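See below for the structure under consideration.
The values are calculated or read from the model by the stated rules, or taken from the named source; none is laboratory data. This one's a predicted model, so the numbers in the text were calculated from it and none came from an experiment. Heads up, the Cβs are rebuilt from the backbone with ideal geometry, glycines too, and the neighbour counts pull from every protein chain shown. What goes into the accessible areas is simple: the full protein's heavy atoms, side chains included, and nothing from ligands, DNA or RNA. Shrake-Rupley method; radii C 1.70, N 1.55, O 1.52, S 1.80 Å.
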Amino acid sequence: MNQAIKQKAIMVMFLLLASCGGGGGIKDYGPIENYDDLYNGISRYLTGQVICAGCADYENGDVLPDEGDSNAYYPALVFSLALEGRASERELAIAAEMAAREITLIDGLSESGIISSLDDATKLSEVYIGIAGLFKAYESTRRPEYLEAIRKYFAIFSPLVTESPSLLKMDYLMNINIPWYGPTTIFGGLAGFFLQYPLSLPEAEDREGLTDTGLAIISKLDDLAYDPARKNFRYMINSEDFLYLYSSVCTVQGLLRAHLVTKESAYLDQAKGVMEAMENLFDDESGGYLAAEYDPRYFAAYQQLEQVHYDHKYIPLSGANYLIYTDLLLYQITGEEIYLTRAARILDFIRKKLYVNGQVHHHLLDGTLELGEYCAGCNFQLLYNIYLYDRLKKGGKVL
């Protein structure tokens, strides 16, 4: 069988798997109609300039102009569309390549260990966050290699939070300024990934152990980083009490999954309180959310943490994306319109302030759009968020 025929046969099999996986598929809500101008403009740029056949910035599932998160959010989007029967063959092929790259990276990290990868923050970040794409890939196709990789991922990261002696234990790492967003952000996200497992695989025999680990991370973050006075998850242990978007919102996503898994209202109540505190980061002048509290009291702390932007009015696309997703999940859980309204407000800000000719640029700095930084991964994440917003508006779900 020649290579072209072989590839075609693989794609036909893959399309069949994608169309029948995930318990028979979900409702097709039609094309994206909410923020369709933004969605279509970004999509055309990405497919025409970033992940096109022959594009210099794409090779075998690897997107170069990103921060390691393209292989999380493009597969999440495409495999979600596949469940509705709306993903094209080309989209599925690229999503499958990205998922395959994530599997390769997980295999490599499993063999070499985390310590040997600490000098390559981008690759480690790509492994860490790429699990979000694999969850959707498995939900859509039920392919065993995706499940095997998901389980291997948790085998890699579980030692960080177990009681076994290790220099990489959570208590130790929470004292270290882990790039780029600090250790609380990393562990808040990790808690969410552990707690996604029982949501994506409710019948899995090993779900209870991974659930317990996720809940234990939440509990540890509450002890080590939560500031009850300001309802904020600090950047790291003993850092100053400045409000910080990433650590708080990523941990809220873990709290919301904890609520969905356990049905305990305390997780939801804490999550809502933190999100109210984040409203203090809203900048009236620009209409966006600051990454960190803009106050001279904290400028020295930001410089010590080597966060050079935070002593300015720094409003990033990445932070906006995490806020949108969290607001959408809160809306799904509570039905309270305020969260959908806030998500729309952030999307309006992005369209007005960050979007130029198909590209959503990464941030405003003191009110000025910085054109020198572009993150394809953040743009893929935004596409996924717009998809979720549209589906919620039509009666669908985030999780």
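Check residue 61: other-chain or 5+ apart residues with amide H under 5 Å from its amide H, H built from backbone geometry?
Excluding prolines and chain starts, which carry no amide H, there are no hits.
Assign unit charges at the C-beta atoms only (+1 for Lys and Arg, -1 for Asp and Glu), then state the dipole size of region 341-399 relative to its Cα centre in Debye, rounded to the nearest 20. Let's see the in-between values first.
Details: 9 positive and 5 negative charges, 103 e Å.
So the magnitude is around 500 debye.
Just going by the charge dipole of the chain, with Lys and Arg at +1 and Asp and Glu at -1 on Cβ, which of 88, 265, 112 is farthest out on the positive end?
Of the options given, the answer is 88.
If you take all C-alpha pairs in the chain, what percent of them are over 36 Å apart?
Details: 14791 of 79401 pairs.
Result for the distance tail: 19 percent.
Which net charge results for the neighbourhood of residue 142, defined as the other residues with beta-carbon distances under 13 angstrom from its beta-carbon, given Lys and Arg at +1 and Asp and Glu at -1?
Values: positive: 136, 143; negative: 139, 145, 148, 203.
Summing Lys/Arg as +1 and Asp/Glu as -1 gives -2.
Roughly how many percent of the accessible protein surface of region 286-399 is carbon and sulfur, given a 1.4 Å probe and a whole-percent answer? List each step's numbers first, then the result.
Values: 1990 of 4160 Å².
C and S fraction of accessible area: 48 percent.
For region 165-269, treating each Cα as an identical point scatterer without solvent, what Debye log10 I(q)/I(0) comes out at q = 0.16, 0.17, 0.21, 0.23 1/Å?
Calculated log10 I(q)/I(0) at the listed q: -0.66, -0.73, -1.05, -1.19.
With +1 assigned to the C-beta of every Lys and Arg and -1 to the C-beta of every Asp and Glu, and no other charges, what is the dipole magnitude of the chain about the Cα centre in debye, to the nearest 20?
Numbers: 33 positive and 54 negative charges, 216 e Å.
Roughly 1040 debye for the chain.
Would you kindly find the accessible area of residue 263, with a 1.4 Å probe and non-protein molecules such as ligands, DNA and RNA excluded, rounding to the nearest 10 Å²?
Only protein atoms counted, so the area is about 150 Å².
Could you run the Karplus curve 6.51 cos²θ - 1.76 cosθ + 1.60 with θ = phi - 60° over region 227-242 and give me ³J(HN,Hα) per residue in whole Hz, x for Gly and Pro?
Each residue's phi maps through the Karplus curve to give 9, x, 5, 9, 6, 9, 8, 4, 4, 6, 4, 6, 6, 5, 8, 5 Hz.
In whole Å, how far is the Cα centre of region 253-324 from that of region 180-233?
Cα centres, region 253-324 to region 180-233: 17 Å.
Over 24 Å, how big is the tail of the calculated P(r) for region 242-399, in percent of all Cα pairs?
Numbers: 4183 of 12403 pairs.
The answer is 34 percent, as a whole percent.
Report, to the nearest whole %, how much of the accessible area of region 49-207 belongs to carbon and sulfur atoms, 1.4 Å probe, protein only. Let's see the in-between values first.
Numbers: 3360 of 6360 Å².
Result for region 49-207: 53 percent of the exposed heavy-atom area is carbon or sulfur.
Could you pull out the pairs from 231/397; 169/272; 220/263; 231/393; 27/397; 136/169 whose alpha carbons sit more than 22 Å apart here? List each step's numbers first, then the result.
Details: 231/397 27 Å; 169/272 29 Å; 220/263 20 Å; 231/393 29 Å; 27/397 11 Å; 136/169 29 Å.
In this structure, 231/397; 169/272; 231/393; 136/169 lie more than 22 Å apart at Cα.
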